[in-house]
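Let me begin by handing over the structure; questions about it come next.
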Amino acid sequence: MDLMESPLNRAHQCGRNANRLVGQEYYEEAISCHGEAAALLEEALLMTQNEQVKLSLELQRGRHLQQQRLIRETLARKPSKETSVPPAPSRAASKLQTASQTAPQYISQAPLRWSKAAKDDRTRLEEQSTAIADLRNVVAVLLLENEKLLKENESLKVENARLKRDPYADQKSPHLTP
């Protein structure tokens, strides 16, 4: 499988696309992208045996599901408004239209899609608490990994000291032939 087509990379692309869509206030599409990202992370989970990788993928998947939920709640609180992407004109029509307009006219008619949607305090707090929970989980994983590596380091120090005391210890083993 090509690395760029892996479920994890595609999930990250969907996540970035969802964030962009939220910024443009296309909430339904953002919910869909977060759902697709969660499904791709589920697929990626089946492809690994590493427990830390699984934990990371599960946390990422949970984050996308939580973002879906937050967007739905935000959407439910907002006054009814168009939330879907307008149909894109064909390339030929788009080029023709752009060529026939002068730059200032075209810019003045373009919607301001790059401006982010204003968030209320509750949404910000929920996002921050989610981010904090994710960070705490990552810290817990890192602490466990650090503890494991410290134990491994200690055992390697003991092994190193033993080998320095008796450099031919491995050769004296009955399993090795001279």
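So how exposed is Leu135, as accessible area in Å² (1.4 Å probe, rounded to 10)?
Probe radius 1.4 Å; accessible area of Leu135 about 110 Å².
Evaluate the distance, in nm, between pseudo-label points positioned 7 Å from the Cα of Ala39 and of Val138 along their respective Cα→Cβ axes.
2.7 nm
Please arrange Lys119, Lys54 by accessible surface area, largest first, computed with a 1.4 Å probe and ligands excluded. Spell out each step's value before the answer.
Working: Lys119 85, Lys54 50 Å².
Most to least solvent-accessible, the answer reads Lys119, Lys54.
Roughly what would the spin-label model give for Leu156 and Arg69, points 7 Å off Cα along C-beta, in nm?
4.1 nm
Here's another thing I want to ask about it. Arg16 accessible area, nearest 10 Å², 1.4 Å probe?
150 Å²
The values are calculated or read from the model by the stated rules, or taken from the named source; none is laboratory data. These numbers come from a predicted model, not from an experiment. Please note: Cβ atoms are built from the backbone with ideal geometry, for glycine as well, and neighbour counts cover all protein chains shown. When the accessible area is computed, the model is the full protein with side chains, heavy atoms only, and any ligands, DNA or RNA have been set aside. Shrake-Rupley method; radii C 1.70, N 1.55, O 1.52, S 1.80 Å.
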